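Working notes, structure below.
The values are calculated or read from the model by the stated rules, or taken from the named source; none is laboratory data. Note that the coordinates shown come from a computational prediction; the quantities given were computed from them, not determined experimentally. FYI the Cβ positions are ideal-geometry reconstructions off the backbone, even for glycines, and counts take in every protein chain you see.
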Amino acid sequence: MRTILSILTLCILFSSCDYFETRKISSETFYDEELKTINWNDVDQYPVFKECEQISEKKEQQICFSEVLKNSLKRVASYSGIAVSREVNDTVWLKFDISETAQLSVKEIEMDSVTSQTFPLLKQALLDMTDSLQLIAPATKQGIPVRTAFSLPIVIETESL
């Protein structure tokens with residue numbers, strides 16, 4: 001009986017050694033696995049305008065970022081004060097980047113030719129608006145400043161006089 005118990009104990013000891021062995025992984029494998037877990041389409045912190053610098057929660061940062069852009073666009077609309085003779089219903093796309101150093105640059109303004117003819121100063125007004133925006137910090141991802149790209153739709157709806 002004692003022999004059977006000894007043999008059983010030895011079998012358990014030899015088979016359980018695999019459970020105590022630590023598995024080593026290379027730094028490249030760890031890095032690759034970590035890259036797979038990162039959502040590259042989202043940032044941890046949005047770019048920060050001066051008006052938003054006291055906000056720390058991500059959702060509130062996004063709202064503040066959007067509000068500053070919206071208020072700037074309202075100033076452009078009131079600045080232009082153009083009367084039109086026909087109805088316009090169009091969407092202008094403002095595509096811009098914010099660099100790792102918090103520099104905003106317009107990449108493209110997509111506008112229908114009719115809208116461009118109706119509002120000849122609109123493109124320049126949008127460029128002036130983006131030049132006047134003051135960013136104090138870029139977006140970050142895991143604490144690292146990153147470049148972000150935005151496409152902002154601007155809906156233009158007017159009624160004919």
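Which ones in segment 108-135 are farther than 19 Å from residue 68 by Cβ and not aliphatic (A, V, I, L, M)?
108, 110, 112, 113, 115, 116, 117, 118, 119, 120, 123, 124
Hey, could you check segment 82-115 for residues that are under 14 Å from residue 158 (Cα atoms) and part of a strand (DSSP E or B) and say which is modelled with the lowest pLDDT?
So the residue we want is 89.
Which of the residues that make up segment 133-147 are assigned to a strand (DSSP E or B) and either on the phi > 0 side of the Ramachandran plot or touching an Asp or Glu at 6+ places or on another chain (Cβ under 7 Å) (or both)?
Result: 136, 140, 141, 145, 146.
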